[in-house]
1. Suppose the filter is touching a helix residue (DSSP H, G or I) at 6+ places or on another chain (Cβ under 7 Å) and modelled with pLDDT of 80 or more; does residue 10 pass it?
2. Would you check which residues across the range 14-51 are modelled with pLDDT of 80 or more and in a loop (DSSP other than H, G, I, E, B) and list them?
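The values are calculated or read from the model by the stated rules, or taken from the named source; none is laboratory data. Since the model is a prediction, treat every value here as computed from it, not as a measurement. Glycine also receives a Cβ, built like all others from the backbone with ideal geometry; neighbour counts cover every protein chain displayed.
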């Protein structure tokens, strides 16, 4: 999620973070050829920021 937020400027919901991570793993595991990967990102994740702050402590 951090990579996506830094490169796309979007803080997604944690559920969408799992989809993004899976898409990144797929692309890294299949480096041959051109690919288009579509990931549906739902939610905005702003309400979940407090969860991540607690984990850092």
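1. no
2. Once the filter is applied, which keeps residues that are modelled with pLDDT of 80 or more and in a loop (DSSP other than H, G, I, E, B), the range 14-51 yields 30, 31, 32, 34, 36, 37, 38, 39, 40, 41.
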